[in-house]
Amino acid sequence: MSLNRSDIREHLRHANTNVLRAVLYLLTGDRELAVMRTIECERRGGAFIEHVLGERDAQRVIELAADFLATPHSARRSDANAAPSADQERVRDAIGFLLGSRPSAAEFRLGIRELGLEEVSGVETSRAVWSRGQDVTGWRALVVGTGFSGIGMAVRLQELGIPYSVVDKQSRIGGTWERNQFPEARVDTTSFVYQYSFVEYAWKQHYAPQEQVREYLEHVAETYGVTPNIRLNTEVVEARFDRDTSLWNVLLRDAAGREWREEANFIVSASGLFSTPKWPDFPGMERFRGPVLHSAQWDPEFDPRGKRVGIVGNGSTGVQIMPWLARNAEHVYVFQRTPQWISPLEKYKEHVSTQTQWLHDNIPFYWRWSCYNARLIRGSLGDAQEYDRAWQALGGKVSRRNDGLRANLTEYIATKLGHDPDLQRACTPDYAPLARRLVVDNGWYDAVVQPNVTLVPRPVAALDETTVECSDGSEFECDALVLATGFDAEKYTLPAQYYSASGQTLEEAWAEDGPRAYVGLEVPGFPNLYVMYGPNGQPRGGSLVAALELWVDYIARHMVRTIESGHRSSAVRPEAFEAYNSLMDKEMERLIWEGEAPQERNYYVNRFGRQNVNMPWRIHDYAAILRRDPEETHELSN
């Protein structure tokens with residue numbers, strides 16, 4: 001770093017000063033930083049909470065940081081183990097700066113894991129480690145899928161030295177980011193949260209588009225030596241557990257249709273929640289003459305120019321695609337069954353500035369702590385998902401923060417559509433925000449008012465050769481149809497079938513009220529099988545990737561435990577499974593998902609009326625559950 005103090009100060013003005021304060025305190029222990037107080041700022045009407053410094057303290061932090069960085073001892077140290085101090089109390093204080101209060105034991109424990117400070121803080125690592133030298137000859141794990149879960153799992157297996165292979169039926173690494181190549185596809189969670197905590201990566205945009213995310217996964221696989229173990233164009237057809245050998249017998253198929261069998265001790269299904277496209281069964285679809293495109297099976301040759309295009313679905317995918325159609329098609333009919341809460345998002349299509357990248361490159365630990373703070377802000381959304389009965393007794397709908405979000409988004413709709421009261425009413429939901437997935441505005445409101453766009457606030461009833469008929473009998477001439485109808489969220493492992501030793505499939509085990517799992521990962525009767533992003537596995541807020549790193553930790557610990565024990569398999573005990581799910585059902589009663597939105601139009605809720613996607617726990621409490629002693633919950637056998 002060759003900048004003078006004045007130039008350094010100018011770069012620091014682009015920093016989050018409370019994050020800068022935490023990092024500087026970690027590095028120096030300066031008590032002046034500890035006594036500063038933060039202001040609780042509510043974003044989106046109170047849905048999100050961020051703790052910020054007042055102007056005077058913010059300026060003081062910049063001056064202190066400039067002094068520190070201008071001295072020779074501030075040379076960059078990206079490795080957390082090089083921290084000059086990892087005193088637990090100092091780290092706890094620094095985390096508290098971002099939380100606005102002293103962290104609970106669970107918050108602190110997860111925080112130091114995400115910040116890479118477990119070992120240097122003298123805390124037992126969450127990561128799987130061998131207790132002694134271990135011969136893993138004859139052991140093998142099979143990972144299914146090359147999305148975030150699959151690559152993350154493979155990296156850990158590579159580190160542990162457990163023999164493994166990764167298969168994916170697609171032709172490139174990427175999982176859902178290879179599958180979904182529709183126009184305008186991008187993350188709606190900041191890239192600095194939608195990433196692994198162990199890879200410092202120079203994102204080009206704050207919200208990376210599809211191909212950049214896919215390239216990131218390729219980069220991680222190559223960097224960590226995973227790529228040679230990946231077999232693309234290869235899918236799992238079925239896997240059967242053999243009780244006599246404690247092995248999974250796996251039938252695989254390549255793109256040419258050739259089939260063969262392999263054996264594996266462990267299977268990690270990382271195919272994810274969004275792997276099976278949901279095709280609507282509109283009567284007459286087979287008679288429609290024009291192209292019909294599902295967003296998850298997009299035809300890159302499709303050209304909407306000169307065409308009348310209907311789009312079905314206005315969730316996250318539909319809201320990303322529709323503005324592109326509006327710019328290119330002759331006319332667009334937006335068939336809306338249910339209005340969505342659609343939110344603006346700062347920096348949604350902005351590139352990461354050179355100043356921000358400078359902060360990441362030149363301030364020790366700033367990247368990691370900045371990403372952690374972004375996760376905390378997103379995690380604060382959890383409060384708005386809970387009923388406040390006292391608030392309701394005073395006439396509120398859900399809670400102060402949820403009602404505040406509703407008011408904020410209602411006002412946003414009014415600013416966009418207030419000139420057309422009928423359109424505004426048609427686009428304003430009558431259910432609580434967050435009861436369904438919150439959608440990010442990709443210019444949808446601006447597009448829906450264009451003269452070549454017609455909102456049809458009625459569900460599609462049938463198709464004919466050139467027409468789309470709605471539930472009220474109205475008909476619309478279309479040359480092409482785009483289905484942004486999402487995925488079948490109950491089909492966690494399909495089309496692959498997994499059979500227990502008794503011959504039962506997962507679908508049969510889940511027949512009573514939909515998919516269930518212990519901690520979202522394991523099902524009794526299916527030893528050594530782990531379903532990542534499984535039933536009720538999605539975190540309530542924060543970061544999906546932070547959650548999947550916890551899954552990776554958990555699975556790897558159980559693999560190491562099984563191998564070191566001298567046994568051949570590990571299975572969750574039925575009583576542990578039942579106790580976890582009973583507690584989960586009880587916790588769900590506090591939350592809004594099952595009661596605040598049309599159940600038949602909400603992928604969170606399965607056909608039995610049970611919320612099947614999100615976990616009820618805050619992620620730090622969930623992390624504590626994952627660390628429970630497996631002696632109490634699992635059975636080892638040969």
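Numbers below:
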item: Summed residue charge, Cβ within 12 Å of A105's Cβ, Lys/Arg positive, Asp/Glu negative; result: +2
item: Along each principal axis, Cα extent of the stretch 463-560, largest first, Å; result: 60, 37, 21
item: Protection proxy ranking, peptides 497-505, 111-119, 218-226, average beta carbon neighbours within 10 Å, highest first; result: 111-119, 218-226, 497-505
item: Carbon and sulfur %, accessible surface of the chain computed with the full protein complex present, 1.4 Å; result: 47
item: Global form of the stretch 194-289, assessed from the alpha-carbon gyration tensor, a/c cut-off 1.5; result: oblate
item: Highest-first arrangement of 4-15, 609-620, where packing means the average Cβ count within 10 Å; result: 609-620, 4-15
item: Restraint check, K347/K586; K169/K278; K169/K586; K349/K586, Cα-Cα greater than 30 Å; result: K347/K586; K169/K586; K349/K586
item: Per principal axis, descending, Cα span of the stretch 365-495 in whole Å; result: 57, 44, 30
item: Packing-based order for 400-406, 133-139, using average beta carbon neighbours within 10 Å, highest first; result: 400-406, 133-139
item: Restricting the stretch 234-289 to trypsin sites (Lys or Arg not before Pro) in coil, as DSSP defines it, with at most 10 other Cβ within 10 Å; result: R258
item: Label-point separation in nm, E124 to V52, each point 7 Å along Cα→Cβ; result: 4.2
item: Rel. contact order, % - alpha carbon contacts under 8 angstrom, at least six apart, the stretch 156-298; result: 26
item: Pair-distance profile P(r), taking every C-alpha pair of the stretch 420-476, with 5 angstrom steps and integer %; result: 4, 14, 18, 20, 22, 15, 5, 1
item: Potential extension, R287-E32 segment - 0.36 nm per residue separation minus Cα distance; result: 84.5 nm
item: Percent antiparallel among DSSP beta bridges (both partners in the chain, rounded to 5); result: 50
item: Formal net charge of residues neighbouring D513 (Cβ-Cβ distance under 14 Å; K, R +1; D, E -1); result: -4
item: Relative contact order %, the chain, counting alpha carbon pairs below 8 Å whose residues are six or more apart; result: 18
item: Percent of beta bridges antiparallel (DSSP, the stretch 483-638, rounded to nearest 5); result: 90
item: The stretch 1-69: C-alpha gyration tensor shape, a/c 1.5 cut-off, then a/b vs b/c; result: prolate
item: Residues of the chain: accessible area per residue with a 1.4 Å probe, Å²; result: 40
item: Calculated P(r) tail over 15 Å for the stretch 272-346, as whole % of Cα pairs; result: 63
item: Additional length obtainable on full extension of the chain from E262 to T428, 0.36 nm per residue less Cα span; result: 54.5 nm
item: Rg over Rh [alpha-carbon atoms, Kirkwood Rh] for the stretch 285-406; result: 1.12
item: Percentage relative contact order, the stretch 497-590, counting C-alpha pairs under 8 Å, at least six apart; result: 28
item: Calculated log10 I(q)/I(0) by the Debye sum over Cα atoms at q = 0.08 Å⁻¹ (choose from (i) -0.72; (ii) -0.63; (iii) -0.94), label; result: (ii)
item: Length released on extending from E600 to A393, taking residue separation times 0.36 nm less the Cα-Cα span; result: 71.7 nm
item: Mean Kyte hydropathy of -1.0 or more with a Cα span along the axis of at least 27 Å, helices from DSSP in the chain; result: 544-565
item: D242 accessible area, 1.4 Å probe, all protein chains in place, Å² to nearest 10; result: 60
item: Spin-label pair E346/R458, simplified geometry with 7 Å Cα→Cβ offset, distance in nm; result: 4.3
item: Euclidean distance of C-alpha centroids, the stretch 606-630 and the stretch 490-533, integer Å; result: 16
item: Prolate/oblate/rounded call for the stretch 367-432, Cα gyration tensor, a/c under 1.5 rounded; result: oblate
item: Cβ-based net charge around M559, under 14 Å, with every Lys or Arg adding one and every Asp or Glu removing one; result: +2
item: Per-pair calculated FRET efficiency, R0 = 60 Å: C41 and R231 via Cβ, rounded to 0.05; result: 0.80
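The values are calculated or read from the model by the stated rules, or taken from the named source; none is laboratory data. Keep in mind the model is a prediction, meaning the values are calculated, not measured. Glycine also receives a Cβ, built like all others from the backbone with ideal geometry; neighbour counts cover every protein chain displayed. Heads up: the accessible areas ignore ligands, DNA and RNA and are worked out on the full protein's heavy atoms, side chains in. Shrake-Rupley method; radii C 1.70, N 1.55, O 1.52, S 1.80 Å.
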